[in-house]
Amino acid sequence: MATLIHSLSDHSGDVNCCAFSSSCLATCSSDKTVRVYSLRTFSELPYSPLRGHSYAVHCCCFSPSGRVLASCSTDGTAALWDTRDGRRLAVLGQPRASPLRVCRFSPRGSRLLAGAADGTLRLWDTRSLRPGRSGNVKDGSLVACAFSPNGNFFVTGSSSGDLTIWDDKMRCLYNEKAHDLGVTCCDISSHPVSDSENGFKCFQMASCGQDNQIKLWLILFADSLGAELKYKCTLNGHSAPVLACSFSYDGQMLVSGLVDKSVIIYKTSTGNILHTLSQHTRYVTTCAFAPHSHLLATGSMDKTVHIWQLDLKPSSAGSAVETESKVPAEDWTEDDVSAWLCAHDLADFVGLFKLNNIDGKELLNLTKESLANELKIESLGLRNKVLQKIEELRMTMISVSSPVPDEFLCPITRELMKDPVIAADGYSYEREAMEQWISNKRRSSPMTNLPLHSLMLIPNRMLKMAISRWLEMQQK
C-alpha cells in the first residue's frame, strides 16, 4: 500500500528533480530555485529557498554525507551548497557555458559529474574545486548519469538514445543504442547481483526513454574484459514516455514517472507492478526513494512534490528503519549499528564505532564521558548529536514496547513531546516543531488550518508532567 502523506507546493514553476539525504529532501524547479525540507516535519528549512541560478535548475543531488547539495542549471553552472546553513560554497562553470542537465556525486563524494546539453561531461574535484577530466557523447545532449556503487565507473544517457559506460579516468568502455527516441533517465542499484551465465560481478541498471519503455540491464565489469551492458528485460505497463526512474535503497523496487501523469512502482525481482499512483495533474518529471526508509518523493510539471509512505511486507526488509522496529536495539550487531548511523546522518562515525566494536548494547550505554574519553570525539556538538539520536532511539524502544498515548504525540512530528506548548488554537505541540512552523511564515493552525489570532506559545506543564510519569512507568 502507498499512502500520500504530504504534498509540497512552494515552487512557482515545473519541478524538475528531487533528491533525498538521510534527513532532508531537496527539490529544484524551472523557477530558478532549490528548496530544502526536513524529513522530520516536512517543513522548509529556514535558509530555503536557495537562490543563485539565473535560469531553470534541472537537477539536484546530495553528497553521500548529506553535508553538501549540488544543483545545475540552464545557466551553465553547477552550484555547491552547505546544507547546514544554505551558504553557496562554489560555482562550477561548464566549458563553453553549455546548459547543464544533470549532476551526480561519486559514492565517496570526492567528485561531481556534470553533463551538458552540448554532450560534454566533466568530473570536478569537490575538495579542490578544480575541473578534472572531461569527455563528450557522440550525439545529442547528455541528460542522465549514474555512478556504480564502488565508484569505479559511471553510465551516461543521451537524448540520441545511447547508454555509455565510462571508467573513472573518463575512458569510454562501452556504448549501446538503448532507446530509439532518446534516454530520459538511468539509475544503478546499490546492491550488486550475480550473473550465473558469465560469473562476473554485476550491477543492475534501469533506463527509461521517450519510447514508452523502461529497461533493466546488467552491467558486467571485469578488469580483463572491460565492461558490457547486457539487456535483461523490459517492464510492461507504460503507455506514454517515461521521464524518470529510480531504485529503492535495497534494490527491491523500481519507481518510474510518466508523461501520462502516473507513477508506477515495480518489484524488480519479478517485474510485477506493486502500485500505480495517479495524483499528479501533469507530467511526472522526477521520482526518488529515501535512503534507509520507505518514503518516496515524486515531482511534476504541476509544480508539486508528493511524499508517499510505502507499507511493505516484512519480506521487503533491509532498511535501517525496519531493523529498528523488528529487532530490539540491545540485540543489534555492529552492522546494524552501522546502518543506524548511516540512516541518521552519522555515517562519519561508522569506522570509529566498528573499530571499538560498538554493538546495540554498547550503543545504548554510551554517555557523554565515554564519547569524549573512550571514543575520543572531540567536538562537543558532534557528541551532543550522537547522544540526541541515542535518546531518540531509547524513546522509540519505549514506544514499541508500549504504544504512546496519542495525546502525548506532537500533531506536527507525531513524536513524543519533550517540551509541549499550547498554541492559540488550543492544541498542544512540541515547541521546536511549532516554532519552526511559525518561522516558515505559516499563520494558520496545523490542526484546523484556521488563522491563528496569536503566535504566543504557552508551556503545557501539566502535559509535560503526565509524559514524565508515563515514561517512568515504562522504565520500571
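The table for this structure:
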read-out: Residue in the stretch 269-277 that is part of a strand (DSSP E or B), open to solvent by less than 30 Å² (accessible area, probe 1.4 Å) and at pLDDT 95 or above present; value: no
read-out: The stretch 1-14 residues that are without any contact (Cβ under 8 Å) to a residue 24 or more places away in the chain and closer than 7 Å to Lys303 by Cβ, paired with ones that are loosely packed, with under 11 Cβ neighbours inside 10 Å and not polar (S, T, N, Q) (beta carbon under 9 Å, 6 or more apart); value: none
read-out: In the stretch 139-159, residue surrounded by the most Cβ atoms within 10 Å (Cβ to Cβ) [restricted to those that are under 25 Å from the mean Cα position of the chain (by Cα) and assigned to a loop (DSSP other than H, G, I, E, B)]; value: Ser148
read-out: Subset of the stretch 248-267 that is among the hydroxyl-bearing types (Ser, Thr, Tyr) and modelled with pLDDT of 90 or more - its residue that is surrounded by the fewest Cβ atoms within 10 Å (Cβ to Cβ); value: Ser262
read-out: Sole residue being modelled with pLDDT under 85 and either surrounded by 17 or more Cβ atoms within 10 Å (Cβ to Cβ) or among the charged types (D, E, K, R) (or both), chosen from Glu362, Glu392; value: Glu392
read-out: Meets criteria (outside any loop (DSSP other than H, G, I, E, B), among the polar types (S, T, N, Q) and either at pLDDT below 95 or in contact with a helix residue (DSSP H, G or I) (Cβ under 8 Å, 6 or more places away or on another chain) (or both)) for Ser134; value: yes
read-out: Residue satisfying all of: in the stretch 4-31; at pLDDT 95 or above and of a type in the set (Val, Ile, Thr); nearest to Pro64 (Cα to Cα) among these; value: Thr27
read-out: Subset of the stretch 331-351 that is aliphatic (A, V, I, L, M) and modelled with pLDDT of 80 or more - its residue that is farthest from Glu378 (Cα to Cα); value: Val337
read-out: Tally of residues being closer than 21 Å to Val404 by Cβ and either assigned to a strand (DSSP E or B) or of a type in the set (D, E, K, R) (or both) across the stretch 419-476; value: 15
read-out: Close pairs (7 angstrom Cβ cut-off, 6 or more residues apart or separate chains): more than 13 Å from Ser207 (Cα to Cα) and assigned to a strand (DSSP E or B) in the stretch 160-176, of a type in the set (Asp, Glu) and open to solvent by less than 30 Å² (accessible area, probe 1.4 Å) anywhere; value: Leu173/Asp167; Asn175/Asp162
read-out: Positions within the stretch 184-201 being crowded, with 20+ Cβ neighbours inside 10 Å and either modelled with pLDDT under 90 or of a type in the set (A, V, I, L, M) (or both), in sequence order; value: Ile188
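The values are calculated or read from the model by the stated rules, or taken from the named source; none is laboratory data. Computed from a prediction, not measured in an experiment: that's the story for all the values here. Please note: Cβ atoms are built from the backbone with ideal geometry, for glycine as well, and neighbour counts cover all protein chains shown. To get the accessible areas, we keep the full protein, side chains included, count just its heavy atoms, and leave off ligands, DNA and RNA. Shrake-Rupley method; radii C 1.70, N 1.55, O 1.52, S 1.80 Å.
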